[in-house]
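Written out below as C-alpha cells is the structure these notes cover.
The values are calculated or read from the model by the stated rules, or taken from the named source; none is laboratory data. Treat the numbers as computed from the prediction; the structure is a model and nothing was measured. With ideal geometry, Cβ positions are generated from the backbone for all residues, glycine too; neighbour counts draw on all protein chains shown.
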Amino acid sequence: MHILVVEDDTVAAEFLMKGLSELGHVVDHAADGLTGLDRALDTRPDALIVDCMLPELDGLTMVRQLRAKEIDTPVLFLSALREVDHRVRGLEAGGDDYVVKPYAFAEVRARLDALVRRQASKVTASTLQLADLELDRLKRTVARAGKPIELQPREFRMLEFLLENAGQVVTRTMLLEKVWGYHFEPKTRVIDVHMSRLRAKIDRGFPEPLLHTIRGAGYSLRTSSPAR
Amino acid sequence: MAGAAPPLARFSVLRTSAVQLTLLYLVLVAITGSALLTLVHTMSVGLLNRETDDSIQRELQFLSAQFRRSGPRTLRHLVEDRSYGQTTSLYLLSFAGQPALTTGNLDSWPTDPTDPQGWVNFNYSLPERGGLLETRAARAQIVRLRPGLQILVGRDIQGLRMIEGRFTESFLWAGGIVLVLGFAGGALIARQSLLRVNRINSAARNVLEGDLTQRLPERGSGDELDRLAGTFNTMMERIEGLVKNLRDVTDNIAHDLRTPLHRLRSGLEAALLDAHDSAKQQDALDRAIAEADQLIETFNGLLEIAQLESGVKPKFEPVDMARLVRELVEIYEPVADDSELAVFVHLEEIPCVCFGHRTLLAQSLANLLDNAIKYSSPGGSIRVAVRATPGGDNEFIIADDGPGIPESERQRVLDRFVRLSSSRDLPGSGLGLSLVAAVVRLHDGALSLEDNSPGLRIRIRLPGARPESQPARQPSA
C-alpha cells in the first residue's frame with residue numbers, strides 16, 4: 001500500500017515511516033502542506049496521514065482542498081491539539097479518523113488499517129465469517145462450529161467490529177469509539193473486562209482461540225497462524 | 001511579565017471629565033439664569049419705565065391740547081397749578097424772550113442731550129429738609145409747542161433707579177453665588193471622582209507590579225465607578241484564580257511528573273544494561289512504554305482540565321443524562337462485577353435532559369464510576385441515580401460504601417493531583433475528580449461530596465436544558 005505522510009516534525013515522520021515500511025507499505029513524505037497537496041495529487045497514494053499543524057498550508061485546509069478535487073483517499077489526522085472539539089473539526093474538514101499526539105504506533109496502524117479496509121469494502125456483507133465463527137448481521141445471530149452463541153447486544157456489536165477488521169489490530173480507544181460511541185481514553189481495564197467476557201463466549205471450549213490480546217496495542221480477531 | 005508601565009498621566013484637573021462637565025453645567029446655568037433675569041427685568045423694571053413714559057406722553061398730549069384750544073395763558077395756569085406741591089412730576093414751561101413768564105417746579109432746562117423725540121434723562125436737585133441739595137434722577141420729554149414756546153413734562157425716577165440698582169445688585173449677587181457654588185460643587189465632585197479613579201488606577205498599578213490581592217472598596221451605591229470597582233474586583237478574582245491555578249499546575253508538574261519521568265529514564269537505562277538478555281530488555285522497554293503512557297495520560301488530563309478552565313466553552317448540545325448513565329453503567333458493570341461489587345441504578349422514567357458536552361459528561365461519569373469501583377471493597381455496592389429536581393435541574397448521585405472521604409479532606413480532593421495518603425498505592429493520576437469538578441463548573445453546575453455513612457456520596461447538579469429543548473414534564477409514577 002502506498003502511504004503519504006505529511007508531517008513537519010522529522011523525528012515523528014521518520015518514526016512513522018520506519019514503522020509503516022516494516023509493515024510492507026511504500027511510504028512517501030512531505031514536510032509541509034503545499035508539498036503534501038502536490039504530492040497527493042501527483043502520486044495518488046492509497047492513504048494519507050496528515051498532521052493538523054503544518055507550515056505553508058495547515059492540514060485541515062490541505063485535506064479540504066483535496067476533497068474539493070473529489071479525491072476521497074482515506075485521511076488519518078494527527079494532532080497535538082487535544083481540544084475537545086478538535087476531532088469534530090478534523091472530521092468536518094474531510095478527515096476519516098483522528099489520532100492525538102503523542103500516539104502509540106499501534107494506534108495509528110490499527111486506525112489506518114481500519115480506514116483502508118472500510119474504503120476497500122464499502123459493500124457490507126450480511127454475514128461475516130472467520131474460520132468456523134459466523135455472524136449474521138440480519139438475523140443478529142452468532143455461531144461457532146455450527147453451535148449458536150448467545151451474545152448481549154453490545155457483545156454482538158463488539159464481535160461485529162472485530163470481524164469487520166479480522167486479522168487487524170483494533171485498539172481499546174477504537175472499540176470504545178465504534179462500539180459505544182464515546183470519544184475518550186478508556187481505562188485499560190474497562191475494555192479488557194468486556195473482551196474477556198466475549199472471549200469466554202466465543203473461544204471457551206474450542207480448540208483454536210480466535211480473539212487475541214496484542215500486548216501494548218489492543219485486540220485482534222484472527223486464526224492462530226500469525227497474519228504478519 | 002510586567003514591562004515598563006506607562007507613566008501615570010498627571011491628572012490635570014481641567015482635563016478630567018468631571019470638571020469639564022461641571023464647567024458645561026455652569027455655562028448652562030449662567031445662560032438660563034441670565035435669560036430668566038432678563039425676562040424678570042423686562043416684566044418689572046421695563047414695565048415701570050414704559051409706564052412712566054406713557055404717563056408723561058399722556059400728560060403732554062393733554063397739555064398741548066389745552067394750549068391749542070385755550071392758548072398759552074391757560075397752559076401757564078395749568079402748569080403752575082400742577083407744579084405746586086408736586087414731588088414726583090416735573091414741569092417747566094418757558095417763553096422765549098420773556099423769562100418772567102417761565103413757570104414750573106424745575107429750576108432750569110436739563111443740559112443732557114435729548115433724543116429726536118425730545119426724551120431726556122437728567123439729574124436735578126431737590127432741596128432737602130436740612131437745607132442740603134439732593135441730586136435725583138429724572139426722565140422727561142421736551143416738546144416745542146410753537147417757536148419760542150417750549151414745555152417739559154417729566155417724572156422723578158429716583159425710586160425706579162433704586163429698584164433698578166437693587167435689581168442689578170441682586171443679579172450680580174445671584175450670578176456670583178451660582179458661579180461660586182457651582183465651581184465649589186464641581187471641584188468637590190471632580191475631586192471625589194478623581195480620588196476614586198486614582199484609587200482604581202493605583203490598585204491597577206499595584207497589580208501590574210505583581211500584587212494580585214489588590215481589591216477596591218465597593219460602596220454599594222451602584223454608580224458607574226462602583227460598578228467599575230466591582231468589575232475590577234471580579235476580574236482580579238479571576239486573574240488571581242488563574243494565576244494560582246497556573247502556579248499549582250507548575251508545582252504539581254514538578255512534583256508528580258518528575259517521579260514517573262525519572263522511572264522512565266531509569267527503565268530505559270536498565271534496558272541498555274540488559275542488552276545481552278533480550279527477554280529482560282524487552283521487559284524493561286515494555287515497562288518504559290507503560291510509564292510513558294501513564295505520563296501521557298497525566299499530561300493529557302492536566303491539559304484537558306486547564307483547557308476546561310480557560311473559560312472557552314465547547315459546543316453544547318442537549319444530553320439525556322439518564323441515557324448517558326445507563327450506557328456508562330453498562331460499560332462499567334462487568335468491571336464492578338469482577339471486583340464483586342453490585343451496581344444499583346435508579347433512573348426516572350422521564351428524560352433528564354441537560355444542555356452540555358456529551359463526551360465531557362460521559363468522561364466525568366466514567367471517572368466517577370471508576371473511582372467508586374476502585375475505592376470499594378469486594379462485596380460492596382454502588383448506587384447511581386439520576387433525577388429531575390422540582391427546580392428544573394438534573395441531579396446525578398453516585399454513592400459507594402467504601403472508606404469515604406473525611407470531611408476535612410473533601411474540598412482538597414477536588415484539587416489536582418490530590419490523592420489521599422491511604423490510596424497512594426492504587427493506580428491513577430489523581431486527576432479524575434478534578435476533571436469532574438472542572439466539567440461541572442463548565443456546565444454551571446454544582447458538585448458536592450457527602451457522607452454516605454459509610455462511604456462517599458457525590459451529588460452533581462446540572463442545570464436542565466432550556467425549556468424549548470425540553471420535553472414537557474409529567475409527574476413520574
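Listing for the model above:
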quantity: Output for segment A:193-219, where each listed residue is facing chain B (nearest Cβ under 9 Å) and in a helix (DSSP H, G or I); calculated: A:193, A:194, A:196, A:197
quantity: Those residues of segment A:39-85 which are within 20 Å of residue A:16 (Cβ to Cβ) and part of a helix (DSSP H, G or I), in sequence order; calculated: A:39, A:40, A:43, A:59, A:60, A:62, A:63, A:66
quantity: Cβ pairs under 7 Å, 6+ apart, first in segment B:326-349 and under 15 Å from residue B:402 (Cα atoms) and in the same structural domain as residue B:365 (by TED's automatic domain parsing), second modelled with pLDDT of 85 or more and part of a helix (DSSP H, G or I); calculated: B:336/B:373; B:339/B:373; B:341/B:373; B:343/B:329; B:343/B:333; B:343/B:336
quantity: Residues satisfying the stated conditions in segment B:70-86, i.e. assigned to a helix (DSSP H, G or I) and either at pLDDT 90 or above or among the polar types (S, T, N, Q) (or both); calculated: B:70, B:74, B:83
quantity: Among (1) modelled with pLDDT of 85 or more; (2) not assigned by TED's automatic domain parsing to the domain that holds residue A:134, the one test that residue A:176 misses; calculated: (2)
quantity: Failed criterion for residue B:323 (all others in (1) surrounded by 16 or more Cβ atoms within 10 Å (Cβ to Cβ); (2) modelled with pLDDT of 80 or more hold); calculated: (1)
quantity: Residues located in segment A:162-182, provided they are of a type outside the set (S, T, N, Q) and out of contact with any Leu (no Cβ under 8 Å at 6 or more places or on another chain); calculated: A:169, A:172, A:174, A:175, A:176, A:177, A:178, A:179, A:180, A:181
quantity: Test: residue in segment A:10-32 that is among the hydroxyl-bearing types (Ser, Thr, Tyr), at pLDDT 85 or above and within 20 Å of residue A:70 (Cα to Cα); calculated: no
quantity: Residue within segment B:132-142 that is surrounded by fewer than 16 Cβ atoms within 10 Å (Cβ to Cβ) and more than 30 Å from residue B:96 (Cα to Cα) present; calculated: yes
quantity: Segments classed as strands (runs of 3 or more DSSP E), wholly inside segment B:110-194, with at least 3 members that are over 30 Å from residue B:67 (Cα atoms) and free of Cβ contacts under 8 Å to residues at least 24 places away in the same chain; calculated: B:133-146
quantity: Some residue of segment B:291-298 being within 14 Å of chain A (Cβ to nearest Cβ), modelled with pLDDT under 80 and surrounded by 18 or more Cβ atoms within 10 Å (Cβ to Cβ); calculated: yes
quantity: Search result, residues across segment B:202-231 that are touching a helix residue (DSSP H, G or I) at 6+ places or on another chain (Cβ under 6 Å) and assigned to a helix (DSSP H, G or I); calculated: B:225
quantity: Residues of segment B:303-342 that turn out to be touching a Ser or Thr at 6+ places or on another chain (Cβ under 7 Å) and closer than 27 Å to residue B:388 by Cα, as a count; calculated: 3
quantity: Set A:179, A:190: member being within 7 Å of another protein chain (Cβ to nearest Cβ), more than 17 Å from residue A:224 (Cα to Cα), surrounded by 19 or more Cβ atoms within 10 Å (Cβ to Cβ) and without any contact (Cβ under 8 Å) to a residue 40 or more places away in the chain; calculated: A:190
quantity: Filtered residue count, segment A:193-219, keeping only those that are in contact (Cβ under 8 Å) with a residue 40 or more places away in the chain and not aliphatic (A, V, I, L, M); calculated: 8
quantity: Scope segment B:358-386; condition among the β-branched types (Val, Ile, Thr), under 47 Å from the mean Cα position of the chain (by Cα) and surrounded by 22 or more Cβ atoms within 10 Å (Cβ to Cβ); matching residues; calculated: B:384, B:386
